[in-house]
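The values are calculated or read from the model by the stated rules, or taken from the named source; none is laboratory data. It should be emphasised that the depicted structure is a prediction, and the values quoted were computed from it without experimental measurement. Don't worry about glycine lacking a Cβ; one is built from the backbone with ideal geometry, like all the others, and counts go over all protein chains shown.
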Amino acid sequence: MNHVSSRTALLRATIVVVAAGGLRALTYRAVASEAGVSHGLVRHHFGSRDQLIAEAMEFAIDESLQGSNMLSSALTAAEFAAGIESLAVREAGLQSFQYELLLESRRRPELQPLAEQHYRAYREAIGRQLRRLGVDDAELAELIWFALDGIVFKQLVLPEDVAPALRRIRALIEAAAR
């Protein structure tokens, strides 16, 4: 395994461990076991638990946004709305990991920058896509972000049919892009 792929495997393993057991479950040994490597490799790549957490959060945000197509530069309003919809149902572990860190940041001030990074990344991605569609409406971007954040969290806790809410978000985006 090369340096980049072993690092990626460790970040993915970190996400799995935290999504399943929260930050209390995050140890070098747990990550190493999940990744199938020695625990010394985790320390070698990241140096500290905090560095591992920070890099895993960056990785999770990027993976989530890539998978939702929010970083694509050529989307129609319908494609953008479909990407938002996919985020609400996509890879529960990736989303759970992010929410675990967000909730823990309430108790651990040193995690606040990661929470800020999380919210900034999603807000900026939504705002950028709306502007690409010719919609320069910060309040609409904020509304979409708040709705999406709530839908994703709700789906992790108690899944139910969110199609009506997602249809309404899609309609708002398509109407604003006209």
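Before moving on, here are some points about what is shown:
Conditions (1) under 12 Å from the mean Cα position of the chain (by Cα); (2) closer than 21 Å to Asp149 by Cβ; (3) hydroxyl-bearing (Ser, Thr, Tyr); (4) at pLDDT below 90, marked per residue:
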{"residue": "His44", "(1), (2), (3), (4)": "no, no, no, no"}
{"residue": "Met57", "(1), (2), (3), (4)": "yes, yes, no, no"}
{"residue": "Ser72", "(1), (2), (3), (4)": "no, yes, yes, yes"}
{"residue": "Thr76", "(1), (2), (3), (4)": "no, no, yes, yes"}
{"residue": "Ala88", "(1), (2), (3), (4)": "yes, yes, no, yes"}
{"residue": "Ala92", "(1), (2), (3), (4)": "yes, yes, no, yes"}
{"residue": "Phe97", "(1), (2), (3), (4)": "yes, yes, no, no"}
{"residue": "Arg106", "(1), (2), (3), (4)": "no, yes, no, no"}
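- Test: residue in region 44-57 that is without any contact (Cβ under 8 Å) to a residue 24 or more places away in the chain and crowded, with 16+ Cβ neighbours inside 10 Å: yes
- When Arg132, Arg128 are checked against the criterion of being surrounded by 11 or more Cβ atoms within 10 Å (Cβ to Cβ) and more than 17 Å from Ile61 (Cβ to Cβ), Arg132 stands alone in meeting it.
- Scanning region 148-178 for residues that are more than 16 Å from Gln129 (Cα to Cα) and in contact (Cβ under 8 Å) with a residue 12 or more places away in the chain turns up Asp149, Ile151, Val152, Phe153, Gln155, Leu156, Val162, Ala165, Leu166.
- Residues of region 12-45 satisfying the condition of being touching a Lys or Arg at 6+ places or on another chain (Cβ under 9 Å) and not in a helix (DSSP H, G or I): Leu26, Thr27
- Exclusive hit being of a type in the set (D, E, K, R) and not in a helix (DSSP H, G or I), set Arg107, Arg168, Arg120: Arg107
- In this structure, Thr27 does satisfy being without any contact (Cβ under 8 Å) to a residue 24 or more places away in the chain and among the polar types (S, T, N, Q).
- Which numbered condition Arg12 misses (of (1) surrounded by fewer than 18 Cβ atoms within 10 Å (Cβ to Cβ); (2) out of contact with any helix residue (DSSP H, G or I) (no Cβ under 7 Å at 6 or more places or on another chain); (3) more than 19 Å from Glu110 (Cβ to Cβ)): (1)
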